[in-house]
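J.: I'd like to ask you about the structure that follows.
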Amino acid sequence: MPRPRIMVINPNSNPVVTAGLAEALKRLSFADGPEIVCETLTEGPYGIESQADAESVVMPLRRTVAGDNESAAFVIACYSDPGLHVCREATTRPVLGIAECGVLTALTRAETFGVIAIAQRSIRRHMRYLRQMGLMDRLAGERPLDMSVAETASGEGTLAKMITVGRALKEEDGAGAVVMGCAGMARHRKPLEDALGIPVIDPTQAAVTMALGAVQFGAS
């Protein structure tokens, strides 16, 4: 029997981000478990940094999910969770968004959480989503790096900026855990957690972990 597959879709067209996701997910891959495949949505913008960017990938994501008859589960690897609900309409298989999964995982690790955003203009979009989820009372704060998605994935000095922002979330805002608010930050999770001394959640790892459980128990 072939191994079931979890498809992780990077909705932006930057392959460096996709490669970073694949690297961050290696520890979740095991010989007799589901195969984890990361793919780039080539139709997407180079980085999803605005509401317009997020809206532009909704239907391409739906087409991707609807046209995939092989994958056992899907993960939308963008912190805006673009197209999450229309993709769930397109299939009976699990579709997970990394923002939803990342925040829910943070709530299992601490009473309050903070979010590191890529830019100030991302915060309004994230806050709107948290209000819809009814979780504003658990949010300690959200602070921006003021960087692009591409810079967080490959730019120099990204980790140092993340440590500075993460310390402000912890020491000034009272966050007990930190969620990295962009899939492009994946490779910085462990060194950031070591520097801050509190749980740091990579939302893509959180979403794929949930997908693994859904697929494994669904197949039993």
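J.: Looking at segment 41-48, can you tell me whether even one residue there is polar (S, T, N, Q), more than 22 Å from Arg3 (Cβ to Cβ) and surrounded by 14 or more Cβ atoms within 10 Å (Cβ to Cβ)? Can you show your working first?
T.: Here is the first cut: in segment 41-48, the ones polar (S, T, N, Q) are 42.
Next cut, more than 22 Å from Arg3 (Cβ to Cβ) only: 42.
With surrounded by 14 or more Cβ atoms within 10 Å (Cβ to Cβ) added as a condition, the list becomes none.
No.
J.: Quick check on my filter: what residues within segment 135-149 are crowded, with 17+ Cβ neighbours inside 10 Å and more than 17 Å from Glu111 (Cα to Cα)?
T.: Across segment 135-149, the qualifying residues are Arg143, Pro144, Leu145, Met147, Ser148, Val149.
J.: Taking segment 49-76, which residues are touching a Pro at 6+ places or on another chain (Cβ under 8 Å), over 16 Å from Met7 (Cα atoms) and small (Gly, Ala, Ser)?
T.: Of everything in segment 49-76, those that are touching a Pro at 6+ places or on another chain (Cβ under 8 Å), over 16 Å from Met7 (Cα atoms) and small (Gly, Ala, Ser) turn out to be Ala54, Ser56.
Results for (1) in contact (Cβ under 8 Å) with a residue 24 or more places away in the chain; (2) within 15 Å of the chain's Cα centre (by Cα); (3) not in a helix (DSSP H, G or I), shown as yes or no for each residue.
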site: Val103; (1), (2), (3): yes, yes, no
site: Ala110; (1), (2), (3): yes, no, yes
site: Ile116; (1), (2), (3): yes, yes, yes
site: Met127; (1), (2), (3): no, no, no
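J.: Out of the residues in segment 192-216 meeting the condition of being free of Cβ contacts under 8 Å to residues at least 60 places away in the same chain and in a helix (DSSP H, G or I), tell me which one is farthest from Gly181 (Cα to Cα). Working first, answer last.
T.: Here is the first cut: in segment 192-216, the residues free of Cβ contacts under 8 Å to residues at least 60 places away in the same chain are 192-197, 200, 213.
Right, trim to in a helix (DSSP H, G or I) and you get 192-196, 213.
Numbers: Leu192: 13, Glu193: 14, Asp194: 18, Ala195: 18, Leu196: 16, Gly213: 23 Å.
Out of the qualifying residues, it is Gly213.
J.: Next question. Among residues belonging to segment 1-46 that are of a type in the set (Asp, Glu) and under 28 Å from Ser148 (Cβ atoms), point out the one that is modelled with the highest pLDDT.
T.: Going through the qualifying residues, I end up with Glu39.
J.: Confirm whether Ala175 is assigned to a loop (DSSP other than H, G, I, E, B), modelled with pLDDT of 95 or more and touching a helix residue (DSSP H, G or I) at 6+ places or on another chain (Cβ under 9 Å).
T.: Values: assigned to a loop (DSSP other than H, G, I, E, B): yes; modelled with pLDDT of 95 or more: yes; touching a helix residue (DSSP H, G or I) at 6+ places or on another chain (Cβ under 9 Å): yes.
In short, yes.
J.: Go through Met7, Met59 for me and flag whichever is open to solvent by 50 Å² or more (accessible area, probe 1.4 Å), touching a residue at least 24 places away in the same chain (Cβ under 8 Å) and either in a helix (DSSP H, G or I) or aliphatic (A, V, I, L, M) (or both). Quick ask: steps written out before the conclusion?
T.: Numbers: Met7 fails: open to solvent by 50 Å² or more (accessible area, probe 1.4 Å).
Step by step, each of Met7, Met59 is checked, and only Met59 is open to solvent by 50 Å² or more (accessible area, probe 1.4 Å), touching a residue at least 24 places away in the same chain (Cβ under 8 Å) and either in a helix (DSSP H, G or I) or aliphatic (A, V, I, L, M) (or both).
J.: If you take the residues in segment 142-172 that are on the phi < 0 side of the Ramachandran plot and part of a loop (DSSP other than H, G, I, E, B), which one is modelled with the highest pLDDT?
T.: Glu172
J.: Quick one: Val75 ticks every box in (1) at pLDDT below 95; (2) of a type outside the set (D, E, K, R); (3) within 16 Å of the chain's Cα centre (by Cα) except a single one, so which number is it?
T.: Here Val75 meets the rest and fails (1).
J.: With the structure loaded, tell me whether Ala186 is within 29 Å of Gly33 (Cβ to Cβ), in contact with a helix residue (DSSP H, G or I) (Cβ under 9 Å, 6 or more places away or on another chain), open to solvent by less than 20 Å² (accessible area, probe 1.4 Å) and not in a strand (DSSP E or B) or whether it fails that test.
T.: On the way: within 29 Å of Gly33 (Cβ to Cβ): yes; in contact with a helix residue (DSSP H, G or I) (Cβ under 9 Å, 6 or more places away or on another chain): yes; open to solvent by less than 20 Å² (accessible area, probe 1.4 Å): yes; not in a strand (DSSP E or B): yes.
Here the answer is yes, as Ala186 does meet what is asked.
The values are calculated or read from the model by the stated rules, or taken from the named source; none is laboratory data. All values reported here derive from a predicted model rather than from experimental measurement. So basically every Cβ, Gly included, is an ideal-geometry build from the backbone, and we count neighbours across all protein chains shown. Calculation scope for accessible area: heavy atoms of the full protein, side chains included, ligands and nucleic acids excluded. Shrake-Rupley method; radii C 1.70, N 1.55, O 1.52, S 1.80 Å.
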